[in-house]
Amino acid sequence: METRCLWLLLVCVLSLNHATADNGSVKKMKMQYTGMPLLKFQIWRVFEEYTRVLSQRYPDIRIEGENFLPQPVYRHVASFLSVFKLAVIGLIVLGKDPFTYFNMETPGIWLWAQENKIYACMMVFFLSNMIENQCTSTGAFEITLNDVPVWSKLQSGHLPSMQQLVQILENEMKLSAHMDSLPHRRA
């Protein structure tokens, strides 16, 4: 009966994680606007400040923000840790010793966890969340204009100043207008 509860808990956790995981095969739907340039920020903290200033200066630009996804291996490690964390907490709460299933001697930390369930669960939860956050944090500040990269913090190592960003946008808009005015040649 107890092993059935453990298996049921594990199946529930895995199915919950599978339902919420981003496996990359699902593409986001994008609304297409014609004739309006799209400026995309991939960081939230600075996004609101830059949006306010840029939307006043360039009312014809549609501005979007989204999170910059970490590399797939780090996303999978974070996903695994979130499931593993819930399984360990479940085992602690149920008072089960998983080491006996593998014919191993129970470590002292597991015995301590069984005696101090609340502290152990909190410690597992917070330590796992800390590692998950490190895996999903990219430090990126990537800006694209019509899906063309115009700034990358990952490459430059710093955020652009507002003046730099305005100058970059001015140059890109002038270049785009110049390219649109050129006659198209057929090969």
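The rows are residues; the columns are (1) in contact (Cβ under 8 Å) with a residue 60 or more places away in the chain; (2) within 30 Å of TYR50 (Cα to Cα); (3) outside the structural domain of VAL46 (by the TED database); (4) not in a loop (DSSP other than H, G, I, E, B).
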{"residue": "VAL77", "(1), (2), (3), (4)": "no, no, yes, yes"}
{"residue": "GLN114", "(1), (2), (3), (4)": "no, no, yes, yes"}
{"residue": "PRO160", "(1), (2), (3), (4)": "no, yes, no, no"}
{"residue": "GLN163", "(1), (2), (3), (4)": "no, yes, no, yes"}
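Has segment 49-62 got any residue that is within 30 Å of the chain's Cα centre (by Cα), surrounded by 17 or more Cβ atoms within 10 Å (Cβ to Cβ), at pLDDT below 90 and in a helix (DSSP H, G or I)? Among the residues of segment 49-62, at least one is within 30 Å of the chain's Cα centre (by Cα), surrounded by 17 or more Cβ atoms within 10 Å (Cβ to Cβ), at pLDDT below 90 and in a helix (DSSP H, G or I), which makes the answer yes.
Matching residues to (1) of a type in the set (D, E, K, R); (2) modelled with pLDDT of 85 or more; (3) open to solvent by 50 Å² or more (accessible area, probe 1.4 Å); (4) assigned to a helix (DSSP H, G or I):
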position	(1), (2), (3), (4)
PHE125	no, yes, yes, yes
ASN129	no, yes, no, yes
GLY139	no, no, no, no
GLN167	no, yes, yes, yes
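The values are calculated or read from the model by the stated rules, or taken from the named source; none is laboratory data. Computed from a predicted structure; not experimentally measured. A quick note on method: Cβ atoms are made from the backbone with ideal geometry, for glycine too, and the neighbour counts reach across all protein chains shown. Keep in mind that these areas ignore ligands, DNA and RNA; they rest on the heavy atoms of the full protein, side chains included. Shrake-Rupley method; radii C 1.70, N 1.55, O 1.52, S 1.80 Å.
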